[in-house]
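Asks: For reference, the structure I am asking about is given below.
The values are calculated or read from the model by the stated rules, or taken from the named source; none is laboratory data. Keep in mind that what you see is a predicted model, and the values were worked out from it rather than measured. Positions of Cβ are backbone-derived with ideal geometry, glycine not excepted, and every protein chain shown enters the neighbour counts. For accessibility, only protein heavy atoms count, side chains too; no ligands or nucleic acids. Shrake-Rupley method; radii C 1.70, N 1.55, O 1.52, S 1.80 Å.
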Amino acid sequence: MKLVYINPNATASMTRAIVDEARAALPDAEIIGVTNTDGPPAIEGPEDGDRAVPGVLGHVRAAADADAIVIACFDDTGLDEARQVAPCPVLGIGQAAYQMASLLGARFCVVTSLAVSIPVIRANIEARGFSGGCAGVEASGLPVLTIDEASEETRGQLSDSIRRAHADTGAQAVVLGCAGMAPLRADLQRRSGVTLIDGVAASAHLARAAADFLAGAATAAEG
């Protein structure tokens, strides 16, 4: 099983952290990380996402031998376009997090980075059919690259934002709305006492399930 994680932004440290989390979730798979060096340093709002899409699609086309591809930005940057050109299943970490919450039967809210990301996330939730399970989308006020640095102050602020969103919305779980939060999930869950859903780990499991399903269907057709 070969999964390719494409980071739409140009920050290689985030790619490495994402791959580490995916490998921890799925240690028996071959997981490759690709950084979109033509993209902005962080995806914060629709303009950054638009800038990143051409590079993302180039990396999707280059991953011809992958069993599944994951777009490793919570905005699911270029996901629909990638599905048009990929020969294998393509998931986004935002989509995977919402799907996992749905499979777990958990009404969720999202805590993301900056407020500029909220309209994109809300639109994705509606377009993917998850509005009924979403209790709200909140911003932590922290830039993506600050989250990636993961200082003690940042962890404390994220934990406070998670607790507040959980209490304000009545959600059963909080979705971590930034790829940079993925390596912090265990620590933030311990600090906040809230059930957290990380799209990187969720995407690893769901990507394997999608690839296995297609392989099984192909085998059955041949038989």
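Asks: Starting from the stretch 73-88, keep only residues that are under 26 Å from G216 (Cβ atoms) and of a type in the set (G, A, S), then list their pairs with residues that are open to solvent by less than 20 Å² (accessible area, probe 1.4 Å) and outside any helix (DSSP H, G or I) whose Cβ atoms are within a distance under 7 Å, requiring at least 6 positions of separation or different chains.
Replies: A82/I69; A82/I71; A82/V90; A86/I69
Asks: Among the numbered criteria (1) within 30 Å of A66 (Cα to Cα); (2) open to solvent by 40 Å² or more (accessible area, probe 1.4 Å); (3) among the aliphatic types (A, V, I, L, M), which single criterion is violated by I147?
Replies: For I147, the exception is condition (2).
Asks: Sticking with this structure for a sec: Looking at L206, L176, L188, can you tell me which residue is of a type in the set (A, V, I, L, M), under 20 Å from V19 (Cα atoms) and without any contact (Cβ under 8 Å) to a residue 60 or more places away in the chain? Break it down into steps so the answer makes sense when it comes.
Replies: Numbers: L206 fails: without any contact (Cβ under 8 Å) to a residue 60 or more places away in the chain; L176 fails: without any contact (Cβ under 8 Å) to a residue 60 or more places away in the chain.
Going through L206, L176, L188 in turn, just one is of a type in the set (A, V, I, L, M), under 20 Å from V19 (Cα atoms) and without any contact (Cβ under 8 Å) to a residue 60 or more places away in the chain: L188.
Asks: Looking for something touching a residue at least 12 places away in the same chain (Cβ under 8 Å), open to solvent by less than 50 Å² (accessible area, probe 1.4 Å), among the aliphatic types (A, V, I, L, M) and closer than 23 Å to A207 by Cβ - is there at least one such residue anywhere in the stretch 130-139?
Replies: no
Asks: Hand me the list of strands (runs of 3 or more DSSP E) wholly inside the stretch 1-119 holding 2 or more residues that are within 13 Å of the chain's Cα centre (by Cα). Please lay out each step first, then the result.
Replies: On the way: elements: 2-7, 30-35, 68-71, 90-92, 108-112.
Ranges flagged: 2-7, 68-71, 90-92, 108-112.
Asks: Being more than 21 Å from I71 (Cα to Cα), open to solvent by 60 Å² or more (accessible area, probe 1.4 Å) and among the hydrophobic types (A, V, I, L, M, F, W, C) is the filter here, so list the residues in the stretch 182-219 that pass it.
Replies: A186, the sole residue that qualifies.
Asks: Further question on the same structure: Given the residues R163, R128, R155, which is the only one that is under 13 Å from A97 (Cα atoms) and charged (D, E, K, R)?
Replies: Among R163, R128, R155, only R128 is under 13 Å from A97 (Cα atoms) and charged (D, E, K, R).
Asks: Let me ask something else about it. How many of the residues making up the stretch 18-47 are under 18 Å from T112 (Cβ atoms), surrounded by fewer than 18 Cβ atoms within 10 Å (Cβ to Cβ) and of a type in the set (D, E, K, R)?
Replies: Within the stretch 18-47, residues that are under 18 Å from T112 (Cβ atoms), surrounded by fewer than 18 Cβ atoms within 10 Å (Cβ to Cβ) and of a type in the set (D, E, K, R) number 1.
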